[in-house]
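Trainee: Dumping the structure here so I can ask a few things about it.
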Amino acid sequence: MAEKEPIGVIGVGWVGLCTAACFAELGHHVYARDIVSERVDALSRGQVPMHEPGLSELVGGNAERLHFTTDMGEVLDNASLLFCCVDTPPTYSGDADLSRVEAVIADLGASEGHAIVMKSTVPVGTGRSIVRRFPNVGYVSNPEFLKEGSAIKDFMSPDRVVIGADDGSQGFADRVEALYSTLDGARVRTDVASAEMVKLASNAFLATKISFINEIANVSEELGADVSEVARGMGLDDRIGPKFLQAGIGYGGSCFPKDVSALKQLAGNTGYHFQLLTAVIEVNELQKRRTIGKLQKHLGSLVGKEITLLGVAFKPDTDDVREATSLVLSARLQGEGANVRVYDPVASEGAREMLGGATIADSVEEALDGADGAVLVTEWAEFAELDWSAMRERMNVPLIVDGRNFLDGPSLVEAGFSYEGIGR
Ligand code: UDX
C-alpha cells in the first residue's frame, strides 16, 4: 500500500488537535506544532488538555503517528501540506484578529514547496492577500465545520468537504482532496474567496436560524403558542429542516458570536450594512437577559435571593465557556443583587474568574440547597435524570427557569415546581 502523505498541523488547540488526531487515525504521520511547550510536552505524554468525546482515545491510539513539537523546522522537513489551525479571536472592533495567522506565515519564511491549508476561520480575502505577499507558498482554504462535543464524528463523516484554491495551487488542492478520499460527504472544489465565505455564511445562517426561532418563541409566549410545537411543524418542511430550531437563552461558543460579528464587520468594511446580522446579534444578546425577567416575575426583586445556574459550558459535552450565556447571566444576576451559585459537571473551574463572585458548587445538590430559583443554562444529560422531587425538598422556592426547554415541564409542575420554559 502506498505510504500516506505526512501532514503538518500548526496550532494544537481544539481544531488543531482534532484535525491532527483524525488524520493520524486515517493513517497519516502528523507533525503538530504549537508554541506552548507545556502543551506540547503534555500531548507527547498522551495528556489531552480539553474535553472532547473520543479525542483522548484517538490521540492515545495513534501515538506512533502523532509527533508533537515546538519546532517549525521539524514540521517543514517532514510535511509540505501545513494545516493552519491557530485561533482568530475577535478584536474589540469585531474584526478577526489575524496576528497568529500572520505569525505562522512569517515562520514559513522563504521556504519553497509548502502550502498553507487554512482551517482557521479567516475573513474573506485573507487567502488572496497572503498569496500576493508570499507567492512562494501554496494556499488552500479548507474550512472546518466541527461542532464541539461531536468533532470527531463531524470530521470522519462530513456533510461536505470544502476546498478552495486559486491558480497556482490546484496541485496542492488535489493533494488536500486526496487526504479525505476515504470519507463520505460531498466535495466542494471552488476558489479561495468562495471557500472562505462558505464557512462564514454557514455559521451566520445557523445563528440566524437560532435568533429567528428565539424571536418566534418570544412572540409565542405573548400569544399562547408553544415554540417547540411550532418548530416541529416548521421543521418538517424540507426547505426549512428541523435542525437549529431549538429556542433557548441564546447561542454562545467560540464560533457563532465571533463569526457572525466578523462577517458583519467584513461587510461593513466594504461599505455594505448587513442589517440582518445586526439584528441576529442583538436578538441573541437580549435573549440572554430575558431570564432575569422570568425570575423577577416569580420572585419580585432579586436582591439577596439565592439563584442557581445549572450549567456553565456554552453547550453540553464540552468544557468551553467562551461567550457562554452563563457568564452574562452570572454578571446580570449579581448586578440585580442576587447571590449566584453555579454547577457544571466539567466547566466551572475553568470559568471561576469569569463568573465574578459566583459560588462554585461541587454537586447539583449543593448548588440547589436553599435556592430561591434555578436556571437551566446548559442541557447536560444529568440534569434531565435528576430526582427533581428530591431537589424540590432542598430548594427554598421551587422555581425552575428552563433556558433550553430541556426538562419535562408538566412533571415538574406536578412535582410542585413553578416552571418557566422558553416560548411556551
Ligand atoms: C459551531 C458550528 O456548528 C460548527 O460548524 C463550526 O465550525 C463551529 O461553530 P459549536 O460552536 O461547537 O459549532 O456549537 P453548535 O452546536 O453549533 O451550537 C452553537 C450554539 O448555538 C450553542 O450555544 C447552542 O446551545 C446554540 N443552539 C444551537 C441553539 O440555541 N439552538 C439550536 O437549535 C442549536
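The values are calculated or read from the model by the stated rules, or taken from the named source; none is laboratory data. A quick note: this is a predicted structure, and the numbers were derived from the prediction, not measured. Cβ coordinates were reconstructed from backbone atoms using ideal geometry, including for glycine residues, and neighbour counts include every protein chain displayed. Just so you know, the surface numbers come from the protein's heavy atoms only, side chains and all, with ligands and any DNA or RNA stripped out. Shrake-Rupley method; radii C 1.70, N 1.55, O 1.52, S 1.80 Å.
Trainee: Using every pair of alpha-carbon atoms in the chain, split the distances into 20 Å bins beginning at 0 and state the percent of pairs per bin, rounded to integers.
Mentor: Computed distribution, short to long bins: 25, 52, 23, 1.
Trainee: Evaluate the distance, in nm, between pseudo-label points positioned 7 Å from the Cα of Leu276 and of Thr70 along their respective Cα→Cβ axes.
Mentor: Result: 4.7 nm between the two label points.
Trainee: Also, quick follow-up: Taking the Cα-to-Cβ direction at Lys297 and at Glu102 and moving 7 Å from each Cα, how far apart do the two end points lie in nm?
Mentor: So the two model labels end up 4.9 nm from each other.
Trainee: With θ set to phi - 60° and the Karplus curve 6.51 cos²θ - 1.76 cosθ + 1.60, what are the ³J(HN,Hα) couplings of the stretch 57-74 in order, to the nearest whole Hz, using x for Gly and Pro?
Mentor: Result, ordered by residue: 4, 5, 5, x, x, 10, 3, 6, 9, 9, 10, 8, 8, 9, 9, 4, x, 4 Hz.
Trainee: Separate question: Multiply the residue separation of Leu206 and Val188 by 0.36 nm, subtract the distance between their alpha-carbon atoms, and state the gained length in nm to one decimal.
Mentor: Roughly 4.6 nm would be gained on extension.
Trainee: Taking the Cα centre of the stretch 213-285 as the origin, how large is its charge dipole in debye, to the nearest 20, when only Lys and Arg (+1) and Asp and Glu (-1) carry charge on their Cβ atoms?
Mentor: 380
Trainee: Can you list residues whose amide H is under 5 Å from Arg341's amide H, if they're 5+ apart or on another chain and H is modeled 1.01 Å from N?
Mentor: Ile307, Thr308, Leu309, Thr359
Trainee: Which ³J(HN,Hα) values in Hz, rounded to whole numbers, follow from the phi angles of the stretch 336-351 under the Karplus curve 6.51 cos²θ - 1.76 cosθ + 1.60, where θ = phi - 60° and Gly and Pro get x?
Mentor: Going residue by residue, I get 7, x, 7, 9, 10, 10, 10, 9, 9, x, 9, 9, 5, 4, x, 9 Hz, with x marking Gly and Pro.
Trainee: If you stretched the chain out fully between Glu3 and Ser150, how much longer would it get, using 0.36 nm times the residue separation minus the C-alpha to C-alpha distance?
Mentor: Full extension of this stretch gives 50.0 nm more.
Trainee: Write down the accessible area per residue of the stretch 203-297 in Å², having rolled a 1.4 Å probe over the full set of protein chains.
Mentor: 52
Trainee: Hey, which aspartates and glutamates would be in cross-link range of Lys147, C-alpha to C-alpha under 16 Å, not counting anything within fewer than 8 residues on its own chain?
Mentor: Hits, sequence-local ones excluded: Glu52, Asp87, Asp159, Asp259, Asp317, Asp319, Asp320, Glu323, Glu379.
Trainee: Right, something else. Leaving out same-chain residues fewer than 8 places away, which lysines sit with a Cα under 19 Å from that of Lys288?
Mentor: Leaving aside lysines fewer than 8 places away in the same chain, those within reach of Lys288 are Lys209, Lys258, Lys297, Lys315.
Trainee: Pull out the extension gain between Asp408 and Ser44, defined as 0.36 nm times the separation in residues minus the alpha carbon to alpha carbon distance; nm, one decimal.
Mentor: Residue separation times 0.36 nm, minus the Cα-Cα distance, leaves 126.6 nm.
Trainee: Counting only residues 5 or more places away or on other chains, whose amide H sits under 5 Å from the amide H of Asp166 once H atoms are built in the peptide plane?
Mentor: Under 5 Å from the amide H of Asp166: Val192.
Trainee: Among DSSP bridges having both ends in the chain, what percentage is antiparallel? Round to the nearest 5.
Mentor: 5
Trainee: Let me ask something else about it. Taking θ as phi - 60°, what are the ³J(HN,Hα) couplings along the stretch 226-233 by the Karplus curve (6.51, -1.76, 1.60), each to the nearest whole Hz, with x for Gly and Pro?
Mentor: 10, 4, 5, 5, 4, 5, 4, x
Trainee: Give me the accessible area per residue for the stretch 67-116, probe 1.4 Å, as a whole number in Å².
Mentor: Dividing the accessible area of the stretch 67-116 by its residue count gives 42 Å².
Trainee: For the chain, what % of the accessible area comes from carbon and sulfur atoms, probe 1.4 Å?
Mentor: 52
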